[in-house]
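The values are calculated or read from the model by the stated rules, or taken from the named source; none is laboratory data. A quick note: this is a predicted structure, and the numbers were derived from the prediction, not measured. Please note: Cβ atoms are built from the backbone with ideal geometry, for glycine as well, and neighbour counts cover all protein chains shown. Areas reflect the complete protein model, heavy atoms only, side chains present, ligands, DNA and RNA absent. Shrake-Rupley method; radii C 1.70, N 1.55, O 1.52, S 1.80 Å.
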Amino acid sequence: MLGKVLDRAGVSGEALDVGSPGLLLVLVYELLVGAGTVRGGGKVKRLVVEKLPALQAALQAELRAANAAEVQELLPLRVRQAEKLPQYLRINPLQLAARGVSESAVEAEIKEHCASACADEHIPHLWQLPPKWPSFAQHARVADGCVVVQDKASCFPSQVLLDAWPGLSLVGPRGGGTGDVADACAAPGNKTSHVAAGLSELGGRAAQATLHAFDKNPRRQALLTRRMEAAGAAQVQVRLADFLTLDARDEGLCDVSALLVDPSCSGSGVVRDIGRTDTDSTPERLQSLHTFQVQVMLAALAFPSAEVVVYSTCSVHAEENENVVAELLAARPDWDLAAPPRLRSWQRRGRRHPGLSERQSQCLVRCLPEDGLNGFFVALFMHTGAERPAYIGPAAAAAAAAAAAAAAAAGKDAEAGGHKKKKKRAAEDASDGCSSDGYGNGSCKKAKKEPRRFKPFKRKR
């Protein structure tokens with residue numbers, strides 16, 4: 001809908017020299033459909049405000065063309081769903097002491113902003129605000145890191161990991177390990193800072209654990225670093241690295257007992273993402289994402305000291321959720337699923353899948369917009385204690401994959417060569433009057449030669 005309005009008004013990111021198309025969409029949405037005002041925005045906001053009369057006229061023209069009475073009728077379903085979702089704020093204990101402020105004081109500030117705000121029933125330190133309430137994002141407590149704007153569903157994976165922590169043996173390969181944590185795909189970092197805050201509250205060895213946070217993109221790694229500094233998450237070590245290339249036997253990683261894996265996904269569950277298109281969930285893209293998600297999870301499950309691995313996506317597709325889980329359990333029978341105890345009362349569970357038992361499906365947690373949250377999926381993997389396969393490391397795994405690919409290519413070449421020989425033979429047969437389908441199937445019907453005629457024998461006299 002916004003694209004049509006922009007086209008009709010002759011407004012584009014290129015014309016306004018806007019570097020971020022997403023920012024342009026957000027500003028136009030808020031000014032035309034949302035609150036009608038935007039804090040900040042700078043140059044882009046000024047340019048959009050100048051075009052506001054043309055945008056409003058274009059919107060009215062779209063309403064008439066669609067025979068719609070109100071703007072909501074033009075909005076995609078996910079946007080209409082987003083307007084009904086509550087807002088969530090997570091109080092960050094890591095910054096409270098540093099700022100010299102108590103949690104009750106921050107709660108009072110939230111209540112001052114919204115008298116109907118209430119504490120969430122599942123996630124500690126999480127507060128819920130009604131839908132469409134003015135955003136808290138510009139509040140001073142967000143700026144100083146005492147409050148993090150984070151959707152409830154996004155808190156599930158990190159909370160599930162924290163709840164599983166007390167059950168870990170934390171022995172490590174050398175004995176007496178600290179039970180470090182790894183976040184495989186950490187940026188932008190809300191889940192990472194949530195884990196850091198929870199470990200600090202658990203105290204003891206948990207507070208001493210190192211939280212390794214990885215991202216292979218320099219820009220996202222820089223964002224992750226800034227977020228951890230703002231959150232006061234000192235125990236987080238941000239590392240610019242591709243998780244798939246890590247060797248889990250390295251000195252710095254051999255004590256990792258718990259891993260959080262929230263890999264790239266289609267984002268099909270995020271209803272507030274107005275920039276998402278249907279092409280993000282094509283069968284080809286879902287298959288590509290599925291392959292990547294399985295690869296990352298297999299790398300996580302291979303960590304020699306891993307006892308807990310939490311897998312999550314913000315997708316609603318089985319290809320990225322139940323299908324991934326079933327494939328992993330088939331590949332690694334020394335792992336199984338466990339039901340997150342804190343979410344025992346959560347009603348929406350995993351879908352039935354031929355590769356999962358009924359018990360295993362019930363261990364999975366799903367969220368949908370009708371639950372008042374963005375779409376999300378969480379699976380808690382626990383090591384069974386069975387013998388682990390020998391760890392081969394990323395270099396050996398890459399070599400094995402390359403060898404397998406080379407063997408497959410050689411097999412195809414050999415098969416192609418066999419087809420060529422068969423076709424050549426068929427051609428030779430055809431020259432002799434044989435018919436063939438090119439694969440050696442056919443019949444040979446050689447032309448019959450005329451019988452030799454002999455002249456009558458005459459006896460000499």
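If I go through segment 81-113 residue by residue, how many of them are outside any helix (DSSP H, G or I), within 28 Å of M228 (Cβ to Cβ) and in contact (Cβ under 8 Å) with a residue 12 or more places away in the chain?
Just the residues of segment 81-113 that are outside any helix (DSSP H, G or I), to begin with: 83-92, 100-102.
So of that shortlist, the ones also within 28 Å of M228 (Cβ to Cβ) come out as 85-92, 100-102.
Then drop every residue that is not in contact (Cβ under 8 Å) with a residue 12 or more places away in the chain, which leaves 85-92, 101.
Residues in segment 81-113 being outside any helix (DSSP H, G or I), within 28 Å of M228 (Cβ to Cβ) and in contact (Cβ under 8 Å) with a residue 12 or more places away in the chain: 9 in total.
Among the residues of segment 317-346 satisfying the criterion of being at pLDDT 95 or above and part of a loop (DSSP other than H, G, I, E, B), which is most open to solvent (accessible area, probe 1.4 Å)?
For segment 317-346, the residue satisfying everything is P333.
For segment 79-133, which residues satisfy the criterion of being more than 17 Å from S200 (Cα to Cα) and polar (S, T, N, Q)?
Selection gives Q81, Q87, S104, S116, Q128.
Give me a count of the residues in segment 357-374 that are out of contact with any Cys (no Cβ under 8 Å at 6 or more places or on another chain), surrounded by 20 or more Cβ atoms within 10 Å (Cβ to Cβ) and either farther than 29 Å from W127 by Cα or of a type outside the set (K, R) (or both). So that I can check it myself, show each step before the final result.
Within segment 357-374, the subset out of contact with any Cys (no Cβ under 8 Å at 6 or more places or on another chain) is 357-372.
Narrowing further to those that are surrounded by 20 or more Cβ atoms within 10 Å (Cβ to Cβ): 360, 363-367, 369.
Remaining after also requiring either farther than 29 Å from W127 by Cα or of a type outside the set (K, R) (or both): 360, 363-365, 367, 369.
Residues that pass the stated criteria total 6.
Taking the condition of being touching a residue at least 40 places away in the same chain (Cβ under 8 Å) and open to solvent by 60 Å² or more (accessible area, probe 1.4 Å), how many residues in segment 393-409 meet it?
To start, the set of residues in segment 393-409 that are touching a residue at least 40 places away in the same chain (Cβ under 8 Å) comprises 393-395.
Subset that is open to solvent by 60 Å² or more (accessible area, probe 1.4 Å): 395.
Summing the residues that are touching a residue at least 40 places away in the same chain (Cβ under 8 Å) and open to solvent by 60 Å² or more (accessible area, probe 1.4 Å) in segment 393-409 gives 1.
Only one of (1) among the hydroxyl-bearing types (S, T, Y); (2) under 14 Å from E322 (Cα atoms); (3) at pLDDT below 70 fails for S435. Which number is that?
It fails just one condition, (2).
More than 28 Å from the chain's Cα centre (by Cα), of a type outside the set (D, E), under 20 Å from A137 (Cα atoms) and modelled with pLDDT of 70 or more: which single residue out of L55, L31, L27 fits that description? Lay out the reasoning, then the answer.
On the way: L55 fails: under 20 Å from A137 (Cα atoms); L27 fails: more than 28 Å from the chain's Cα centre (by Cα).
None of the others qualify; the one that does is L31.
Among the residues of segment 223-252, write down those that are under 17 Å from V310 (Cα atoms) and either out of contact with any Pro (no Cβ under 9 Å at 6 or more places or on another chain) or of a type in the set (F, W, Y) (or both).
Of everything in segment 223-252, just one residue is under 17 Å from V310 (Cα atoms) and either out of contact with any Pro (no Cβ under 9 Å at 6 or more places or on another chain) or of a type in the set (F, W, Y) (or both), namely F243.
Taking the stated definitions as given, is L162 in contact with a Gly (Cβ under 6 Å, 6 or more places away or on another chain) and buried (at least 22 other Cβ atoms within 10 Å of the Cβ)? Walk me through it before giving the result.
On the way: in contact with a Gly (Cβ under 6 Å, 6 or more places away or on another chain): yes; buried (at least 22 other Cβ atoms within 10 Å of the Cβ): yes.
Answer is yes for this residue.
Return a yes/no flag: does segment 283-292 have any residue that is of a type in the set (F, W, Y) and more than 20 Å from A338 (Cβ to Cβ). Talk me through it step by step, then tell me what you get.
Of the residues in segment 283-292, the ones of a type in the set (F, W, Y) are 292.
Filter once more, so that each one left must be more than 20 Å from A338 (Cβ to Cβ): 292.
For segment 283-292, residues of a type in the set (F, W, Y) and more than 20 Å from A338 (Cβ to Cβ): present.
For S266, indicate whether it is in a loop (DSSP other than H, G, I, E, B) and either among the acidic types (D, E) or under 17 Å from F377 (Cα atoms) (or both). Even if it seems obvious, please write down each step before you answer.
Details: in a loop (DSSP other than H, G, I, E, B): yes; either among the acidic types (D, E) or under 17 Å from F377 (Cα atoms) (or both): yes.
Against the criterion (in a loop (DSSP other than H, G, I, E, B) and either among the acidic types (D, E) or under 17 Å from F377 (Cα atoms) (or both)), S266 qualifies.
Assess whether I110 counts as being at pLDDT 95 or above, buried (at least 19 other Cβ atoms within 10 Å of the Cβ) and over 19 Å from D371 (Cα atoms). So that I can check it myself, show each step before the final result.
Working: at pLDDT 95 or above: yes; buried (at least 19 other Cβ atoms within 10 Å of the Cβ): yes; over 19 Å from D371 (Cα atoms): yes.
So I110 fits the description; yes.
What are the residues in segment 188-211 that are open to solvent by 10 Å² or more (accessible area, probe 1.4 Å) and either touching a Gly at 6+ places or on another chain (Cβ under 7 Å) or among the aromatic types (F, W, Y) (or both), if any?
Selection gives R205 alone.
Does segment 273-281 include one or more residues that are part of a helix (DSSP H, G or I), crowded, with 21+ Cβ neighbours inside 10 Å and either in contact (Cβ under 8 Å) with a residue 40 or more places away in the chain or not polar (S, T, N, Q) (or both)?
No, every residue in segment 273-281 fails to be part of a helix (DSSP H, G or I), crowded, with 21+ Cβ neighbours inside 10 Å and either in contact (Cβ under 8 Å) with a residue 40 or more places away in the chain or not polar (S, T, N, Q) (or both).
Select from segment 291-312 the residues that are within 19 Å of A330 (Cβ to Cβ) and either β-branched (V, I, T) or open to solvent by 20 Å² or more (accessible area, probe 1.4 Å) (or both) and list them in ascending order.
Matches in segment 291-312: T291, F292, V294, Q295, V296, L298, A299, A302, V309.
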